[in-house]
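Q: Can you keep this structure in mind? I'll have questions shortly.
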Amino acid sequence: MAAVKIVVVGGGAGGLPLVTRLGKTLGKHHIADITLVDSSSTHVWKPRYHEVATGAIDADLDALDYRGHARLNHYRFEPGTLMAVDPAAQQITLAQVRDAEGHEVLPERALSYDYLVLSIGSCSNDFNTPGVRDHALFLDSRQQAERFREKFLNACLHANHASDPLSVAIVGGGATGVELAAEIHHAVSMLKLYGHEHLDRKQLTVHLIEAAPRILPVLSERVSRAAHQRLEGLGVKVHVDTMVERAEPGTFVVRDGDDITADLLVWAAGVKAPAVLGELTTLERNRINQIVVDPTLRARNQERIFVIGDCAACTLPGKDRPIPPRAQAAQQMAHHTARNFERLLLRDKPLQDFRYRDHGSLVSLSQYSSVGMLMGNLKGGNFFVEGWMARMMYISLYRLHQAALYGWPRTLMLLVAGRFNRLVRPRLKLH
C-alpha cells in the first residue's frame, strides 16, 4: 500500500516539531511520506529574532538547516512559498524560487497531498498606517532581522565616529518591542568593547510606543508594571496611550502628541496571518487572515486540511476568545496534531479535540533581567517570577525547543559548543 502523503507548509515553532515527530513515527516506517515546505532553507526560532537584530546571537551558528534535519528525521524538504490551495484536487501550488539576481531556480510547482497542515505563522499588522511599509523596519523574518542589524551597526558606527546621539523608535509594546528595546541597550554597551570608544548608552535614546494604556497589554498588570519599571531604569522612554497616525522619513507622527523622531524606525505592533491566507477563498478566514479551525484543528468543513500555530483561529468550546498566537500554543498544537495523525494512521481511531494549557509567559530584558507569570497546577494558581530565576526559565524554553528538534544528547552538545564559541568569537555578531 502506498504511503500516505502529508505536506506541512511552514517550518516554524509548529511545523518543524510536527515533521520531526511524524518523521520518526510514520516516515521512518514508510507509513507516511512527509514533506516540509518553507520559503527559507534554514530555521531560526522566531522568539529570538530580536537577538538576531542586535547581533546578540549569530543566526548562521544558531540556524537549523532543513535539508540536513530532514535527512536525519525521515522527511523531505521542498523550498517554496505557498501560492494556492485546491482542496478538491488535494494539491497546493508553490511560487517560483529565484536567486538574488532574479534568475529562476525552481519553476512554479504543484504538490499533491492526502493531508495538508498549514503552519505559516504570523506577521506584524501595520493596520494600513500610511508610510509604515516605506519608512519602518520589521522583524517578521530572519532576513528582516538581519537588515535591522546592518542598519543598527552602521548607525552605531556613525554615532561613534561623529560623537552624535543615536535614537531608535519602536512601535508596539508587546513582547517583541519590549525585548528589542532592552536588547538594543545591551548591544550598545557591548559595542564599547569592540572599538566604539565614543559610543555610550547615555547617547542612546530608545522610544517604545504603545497605543494601549500599558505595555504588554495581554499579560498581567504586575508583569507589565515590572517590565515598564525595568525599561525606564535602563533609560528607555516608554510612551503609552500613544497612537501613531503615519510614518515619515525618520519620524512617527503621533495623534494628540509630539511627533517622535529617530534614526531607526521599527514596527512591531499587531499580529495577522500572512496575506496569502487571505486569498484562499475555499477556506474560512477571520478579519486578520487566520483560518478558522474546529476543535480537532482541522480547517472548518475540511476533512484533510489541518491548521496550527499563529495562522489558526481556534476558539475552543466554552471559551470566549481564541487561543493567543504564542510559540507555546504552536508547539502544543504540533504535538497534538502529531498524536492525531498517529491515532488515524496507526490505530485507525478518531481524532481527539485539542486542549490548550497556558503555562504562562516570560519576557526577556536582555542580560539585565526577565519577568513573567507562570501558571500553577491548581485552579487559578499562578506565580510571578523575575530576575535571575525568570532569566533561566526564559533560556530553558529555547533549550526545550531544541530538544524537540534534536533530542537531548545533541541539545547538550550544542550547549557545550556554544560555550566554546564564546571563548573564540565576539560576544556580538559585528558584520
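The values are calculated or read from the model by the stated rules, or taken from the named source; none is laboratory data. These numbers come from a predicted model, not from an experiment. Please note: Cβ atoms are built from the backbone with ideal geometry, for glycine as well, and neighbour counts cover all protein chains shown. Calculation scope for accessible area: heavy atoms of the full protein, side chains included, ligands and nucleic acids excluded. Shrake-Rupley method; radii C 1.70, N 1.55, O 1.52, S 1.80 Å.
Q: Restricting to DSSP H runs of at least four residues, report the calculated mean residue ellipticity at 222 nm for the chain, -39500 (n - 2.57) per run over all residues, nearest 500 deg cm²/dmol.
A: Mean residue ellipticity at 222 nm (helix-derived): -10500 deg cm²/dmol.
Q: Another question, then. Considering all projection directions equally, how large on average is the shadow of the alpha-carbon convex hull of region 160-293, in square nanometres?
A: Dividing the Cα hull surface by four gives the mean projection, 10.8 nm².
Q: Specify, per residue and in Å³, the volume enclosed by the convex hull of the alpha carbon atoms belonging to region 134-194.
A: Normalising the Cα hull of region 134-194 by residue number yields 100 Å³.
Q: Using a 1.4 Å probe on the protein chains only, how many percent of the accessible area of the chain belongs to carbon and sulfur?
A: 51
Q: For region 219-235 and region 244-300, what is the centre-to-centre distance using only Cα atoms, to the nearest Å?
A: Cα centres, region 219-235 to region 244-300: 25 Å.
Q: Please report the net charge: other residues with Cβ closer than 15 Å to the Cβ of S224, K and R +1, D and E -1.
A: So the environment of S224 carries a net charge of -2.
Q: Can you give the translational diffusion coefficient of region 104-243 in µm²/s, computed by Stokes-Einstein from the Kirkwood radius over Cα pairs at 10 °C and 1.306 mPa s?
A: Rounded, D is 91 µm²/s.
Q: Using the Kirkwood radius built from alpha carbon pairs, what does the Stokes-Einstein equation give as D for region 25-158 at 4 °C and 1.567 mPa s, in µm² per second?
A: 74
Q: If you don't mind, there's one more thing I want to ask. Taking the solvent-accessible surface of protein heavy atoms with a 1.4 Å probe, what is the per residue accessible area of region 100-196 in Å²?
A: It amounts to 42 Å² per residue over region 100-196.
Q: Could you please tell me the mean projected area of the C-alpha convex hull for region 221-334, averaged over all directions and given in square nanometres to one decimal?
A: Computed as one quarter of the Cα hull surface, the answer is 10.5 nm².
Q: Moving on to the next point. With 29 Å as the limit, write out which pairs from K192/K272; K24/K319; K202/K272; K46/K237; K24/K272; K46/K151 have Cα-Cα distances beyond it, or answer none.
A: K192/K272; K24/K319; K202/K272; K24/K272
Q: Helix 221-234: angle to the longest alpha-carbon principal axis of the chain, degrees 0 to 90, nearest 10?
A: 40
Q: Please list, or write none, the aspartates and glutamates whose alpha carbon is within less than 18 Å of the alpha carbon of K5, excluding same-chain residues fewer than 8 places away.
A: Counting by Cα, and skipping residues close in sequence, K5 has these aspartates and glutamates nearby: D33, D38, E78, D86, D114, E303, E342, D348.
Q: Here's a follow-up. I'd like the projected area of the chain, averaged over all directions, using the convex hull of its alpha carbons. Report it in nm² with one decimal.
A: 22.3
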